[in-house]
Amino acid sequence: MKKQLSVALMFVTALSIFNSSCNKNKDKAASKQQQISAIISKSDSLLPNYRYVDVDSVLSNYNLAKDYNEEMLRLQNSMESEVRKHENSLQSFASNMQNKMEKNLYLSDASLKADQQQLADMQNKAQRAVSALQNNFESAALMAQKTVNDSIEAFIREYNMTKGYDAIFFKAATLYVNPALDITNEVIEGLNARYNNK
């Protein structure tokens, strides 16, 4: 009986030691888990706060950009119309010269040379006019692009003063970015609200 009691006592002691050891391991595991959680939450607060904007969407939906696009189309159509007018005038004059030559209507070399000189002058004048139109178009396009870019950048700076992001990227500059970080629609709404107020 003493032997059985002794074995039982050893069993209970072993069981309590085992339980104590398990509890210590659980406490250690819980403590480790708490340490890991603390490290993760601390590193989360240290991560940069980034957002991105899809600039193509902004440019196609920002009213200022749309107005400038329409203006550029008008300028381009006007330029193309002016170019066609010069081409038609040159072709008409050259055809008249060809007709005169075929019908021997030039009475002297001097009259032929005079028409050739007039055609050359017309060509030079057309080239200068077309070149001036192209320069004006390019200048207007650069000015429009600068105005739109400056407007977007100024708005982003103002917008970020209230949001406090560490960085705002163009979507095109990234290989992958979480769609939850997209602020494009907010930016478009803000830009249009500011533009429409002006």
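For Tyr68, the solvent-accessible surface computed with a 1.4 Å probe is close to 70 Å², ligands and nucleic acids excluded.
Got a sec? What order do Ser78, Ser151 fall in by accessible area at 1.4 Å, biggest, i.e. largest, first?
Highest to lowest solvent-accessible surface, that is Ser78, Ser151.
Between Ser139 and Lys198, what length comes free when the chain is fully extended (0.36 nm per residue of separation minus the Cα-Cα distance, one decimal in nm)?
18.8 nm
Solvent-accessible surface of protein heavy atoms, probed at 1.4 angstrom with all chains present, puts Phe170, Phe155, Phe137 in the order Phe170, Phe137, Phe155, largest first. Put a dot 7 Å past the Cα of Leu112, heading toward its Cβ, do the same for Glu186, and the two dots end up 7.7 nm apart. The number of Lys pairs in segment 109-177 with C-alpha atoms less than 27 Å apart, excluding pairs fewer than 8 positions apart on the same chain, is 4. Charge tally around Leu181: other residues with Cβ under 14 Å, Lys/Arg +1 each, Asp/Glu -1 each, net -1.
Each of Gln118, Asn88, Asn135 was placed along the dipole of segment 72-198 (beta-carbon charges, centred on the mean Cα), and the one lying farthest toward the positive end is Gln118. Accessible area per residue for segment 59-198, computed on protein heavy atoms with a 1.4 Å probe, is 71 Å².
Percent of accessible area on segment 107-198 owned by carbon and sulfur, 1.4 Å probe? Carbon plus sulfur share of accessible area: 54 percent.
Run the Debye formula on the Cα coordinates of segment 107-180, all scatterers equal and no solvent, and tell me log10 I(q)/I(0) at q = 0.12, 0.28 1/Å. Evaluating at q = 0.12, 0.28 Å⁻¹ gives log10 I(q)/I(0) of -0.63, -1.16. Taking a straight Cα-Cα cut-off under 14 Å and skipping sequence neighbours fewer than 8 places away in the same chain, the aspartates and glutamates within cross-link reach of Lys198 are Asp67. Can you work out the FRET efficiency for the pair Asn178 and Ser131, with r the C-beta to C-beta distance and R0 = 45 Å, to the nearest 0.05? Here the calculated transfer efficiency is 0.35.
The values are calculated or read from the model by the stated rules, or taken from the named source; none is laboratory data. All of these numbers come straight from a predicted model, not from anything done at the bench. Don't worry about glycine lacking a Cβ; one is built from the backbone with ideal geometry, like all the others, and counts go over all protein chains shown. With ligands, DNA and RNA removed, areas are computed over all heavy atoms of the protein, side chains included. Shrake-Rupley method; radii C 1.70, N 1.55, O 1.52, S 1.80 Å.
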